[in-house]
Amino acid sequence: MAWMQETKSFVLREGEIQAALGFLSWWDEIDESAHWQRGIYYTLCVCYASVSLVALVQLVRIQLRVPEYGWTTQKLFHLMNFIVNGLRALLFALYKSVFLIKPQVLAMVLMDLPGLLFFSTYTLLVLFWAEIYHQARSLPVDKLRPAYFASNGFMYFTQVCIWIFIRLGRSPVSVKAAKLFFSVMSFSVALGFLIYGGRLFFMLRRFPIESRGRQKKLYEVGCVTGICCACFLIRCFVLALAAVDKDADIDVLDHPILNLTYYMLVEIVPSALVLFILRKLPPRRVSEHYQPIS
């Protein structure tokens with residue numbers, strides 16, 4: 001009986017190994033298929049274009065609602081979403097030309113630039129929440145915007161230096177450094193959302209229950225904080241893994257499934273959800289000549 005059980009367990013293990021090998025073979029066939037590559041990258045193009053269009057429509061709606069205001073933080077957020085997603089859509093529409101462009105550093109610049117703009121877009125949201133929290137706590141807000149511009153300036157300056165080093169040195173170490181830098185920046189943004197989103201959430205919870213809009217604001221802040229923290233932590237993990245494992249590298253022509261999963265989780269789905277949650281328009285400005293009846 002013992003030898004029968006051992007034989008049965010061996011057969012089961014062999015079947016599991018064959019199933020795993022079959023899955024890996026299916027994965028490799030899709031990665032190497034030009035038909036699948038075209039379908040996946042064009043799917044990413046359509047998804048990004050759709051999110052970009054939604055951001056543009058929302059920007060136009062806000063401008064029509066309050067045309068007398070200038071470029072508010074809300075308008076800038078939607079404009080930057082439109083630019084980031086539109087640029088990604090264009091890059092994936094021209095995926096063959098982008099991935100195979102020479103020199104390689106130019107392809108890196110084209111694929112990294114939307115990621116940098118994505119960071120600037122969502123750190124702008126962190127800045128907006130930080131200003132609300134500081135104003136509610138009667139804390140100084142004059143240093144928040146300089147800190148936003150300084151942190152973004154440091155990020156762009158460091159990334160440009162890395163691109164120059166890659167072009168001059170042509171060393172794989174510099175490519176790993178670029179991925180690790182993006183990974184660290186992603187963790188920093190996730191931490192920013194956790195700090196200020198969490199502070200704003202708990203501050204709103206202490207408001208009286210009958211406060212107007214309290215539950216809706218709690219829902220907005222809590223959901224956006226959770227979504228943005230998750231997407232930037234996923235980006236942090238994937239980029240750190242790609243720095244040490246070439247098989248996990250993204251932005252490579254023959255890794256379409258990995259690119260589809262990565263960009264869906266860290267940019268497309270989070271952007272679509274955040275735009276949906278923050279879809280509320282600002283209230284119309286009441287004319288100075290006509291006051292509402294109380």
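Read the figures in this text as sums done on the coordinates, not as results from a lab. What you are looking at is a predicted structure, and each value in this text was computed from that prediction instead of being measured. In this analysis, Cβ positions are derived from the backbone assuming ideal geometry, glycine residues included, and neighbour counts consider all displayed protein chains.
Arrange the following residues from fewest to most other Cβ atoms within 10 Å of their Cβ: His35, His78.
Working: His35 8, His78 24.
Final ranking by Cβ density, sparse to dense: His35, His78.
Ranked highest first by the average count of other Cβ atoms within 10 Å around their residues, in what order do 81-94, 104-117 fall?
81-94, 104-117
By count of other Cβ within 10 Å, fewest leading, how are Cys236, Cys231, Cys223 ordered?
Neighbour counts put them in this order, fewest first: Cys223, Cys236, Cys231.
Rank these for me by crowding, Tyr133, Tyr48, Tyr219, going from fewest to most other beta carbons within 10 Å.
Taking fewest neighbouring Cβ atoms as first place, the list is Tyr219, Tyr133, Tyr48.
Placing one identical point scatterer on every Cα of the range 104-263 and ignoring solvent, what is log10 I(q)/I(0) from the Debye formula at q = 0.09, 0.21 Å⁻¹?
Result of the Debye calculation: -0.37, -1.34.
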